[in-house]
Amino acid sequence: MINRRKFLQTAAFSATGALISSHIFAQSKLIRKVGIQLFSVPKALDADFPGTIQMLANIGYKEVELYGPYSFSTQAAKDRWNAVTPSLGFKGSGFFGHTAKEVKAILAQNGMSAPSMHTDLDTLQNAMGPLAEAVNVLGSTYVILPAIPQEKRQSLDDYKKMADIFNSIGENAKKAGVKFGYHNHGYGLKPLNGQVPLKLILDNTDASLVFFEMDLYWTTAGGGDPVVLLNHNRGRYRLVHIKDMVKMVHFSGDGGDPKQWIELFPYMTSAGSGVLNLKLILEVATAVGVEHFIVEQDMVANPEIALKKSYDYVASL
């Protein structure tokens, strides 16, 4: 028979074990580090970069994704950016007047890091050296193309050429110690002459050189199914942009031009406030190799409220 002391010791051990197990379970989160795409708050960054980074950190964000152009970007990239900024209402991008070293320090002071940087095709092709140097200073991993220029994706042959270009960029990026990724903006998800352009790119690029970032909102707007794409391309998608839809909407056309994108801006909402099954999508994403989960609400109004709602939802999963 078990004596009273032995019983109490056993009971205490069992209770402690239960408490530890309960604590571990409570601490087990689907996503441990929630990131933010800085295009969500460009005007605030333009006005006060350190203060805005601190605001994002206070919400709970641990990672940021920057967008270009940068001081080292090609002149063609800067000219393209300057052509659209009047309609955007701001000019700031890149490091917002700081050096890569200063940005790294500001992020570090707030317990944050920058695993990825958006840039442009011209800079990826013609300025990989300075781009990789900045990436290495920041301690980043991925350089991401946010969209193929519209004039370079008019036919299947264009997409085939782009797949070859992606392989070349990926090889150069690897030599420079970084990884290249492609963010499909929502076009190329519907068949073109019997073939889906995005599938053509996935099938014709080297899986060890070309990675992908999925924008859940634009993928859905383009007629794609995030869960199907993630499951059919395991290991290819390494980053996702998390945003939600007030109601299910699709592009008025093929999603191939900025006018169609801007039409759908009003339907964006904080993560967890819309109709997308984000919990399922993000569970699948973690299972198939996605490493970075990045909230994005393009130029969102009231960011301290809207971005906190998104953070709270994603962090609760």
Counting only residues that are surrounded by fewer than 18 Cβ atoms within 10 Å (Cβ to Cβ) and assigned to a loop (DSSP other than H, G, I, E, B), region 243-261 contains a total of 9
Any pair with Cβ under 8 angstrom, 6 or more apart, that starts in region 306-317 at a residue that is more than 15 Å from Leu30 (Cα to Cα) and ends at one that is in a helix (DSSP H, G or I): Leu307/Ser40; Leu307/Leu56; Leu307/Ile59; Lys308/Ile59
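Report the residue count in region 46-80 for those that are part of a helix (DSSP H, G or I) and without any contact (Cβ under 8 Å) to a residue 24 or more places away in the chain.
Step one: filter region 46-80 for residues part of a helix (DSSP H, G or I), giving 46-47, 49-59, 75-80.
Then drop every residue that is not without any contact (Cβ under 8 Å) to a residue 24 or more places away in the chain, which leaves 47, 51-52, 58, 75, 78-79.
Residues in region 46-80 being part of a helix (DSSP H, G or I) and without any contact (Cβ under 8 Å) to a residue 24 or more places away in the chain: 7 in total.
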Pairs with Cβ under 9 Å, 6+ apart, first in region 242-253 and over 10 Å from Gly274 (Cβ atoms) and free of Cβ contacts under 8 Å to residues at least 24 places away in the same chain, second surrounded by 12 or more Cβ atoms within 10 Å (Cβ to Cβ) and charged (D, E, K, R): Ser252/Glu263
So, in region 104-138, of the ones that are outside any helix (DSSP H, G or I) and of a type outside the set (A, V, I, L, M, F, W, C), which residue ends up surrounded by the fewest Cβ atoms within 10 Å (Cβ to Cβ)? Gly111
Only unsatisfied item for Arg238, checking (1) in contact (Cβ under 8 Å) with a residue 60 or more places away in the chain; (2) farther than 29 Å from Thr269 by Cβ, is (2)
Being touching a residue at least 40 places away in the same chain (Cβ under 8 Å) and either buried (at least 17 other Cβ atoms within 10 Å of the Cβ) or assigned to a strand (DSSP E or B) (or both) is true for just one of Leu280, Leu264. Which residue is that? Leu264
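Which is polar (S, T, N, Q) and modelled with pLDDT under 95, of Ser116, Ser87? Write out each step before concluding.
Values: Ser116 fails: modelled with pLDDT under 95.
Testing whether each residue is polar (S, T, N, Q) and modelled with pLDDT under 95 leaves just Ser87.
I'm checking my understanding of the structure. Among residues of region 137-178 that are out of contact with any His (no Cβ under 7 Å at 6 or more places or on another chain) and of a type in the set (Val, Ile, Thr), which one is farthest from Ile106 (Cα to Cα)?
Ile165
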Kindly indicate the residue of region 205-242 that is part of a strand (DSSP E or B) and of a type in the set (Val, Ile, Thr) and also farthest from Asp164 (Cα to Cα) among those meeting that condition. Ile242
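The values are calculated or read from the model by the stated rules, or taken from the named source; none is laboratory data. Here the structure is a predicted model, which is why all the values come from computation and not from measurement. Heads up, the Cβs are rebuilt from the backbone with ideal geometry, glycines too, and the neighbour counts pull from every protein chain shown.
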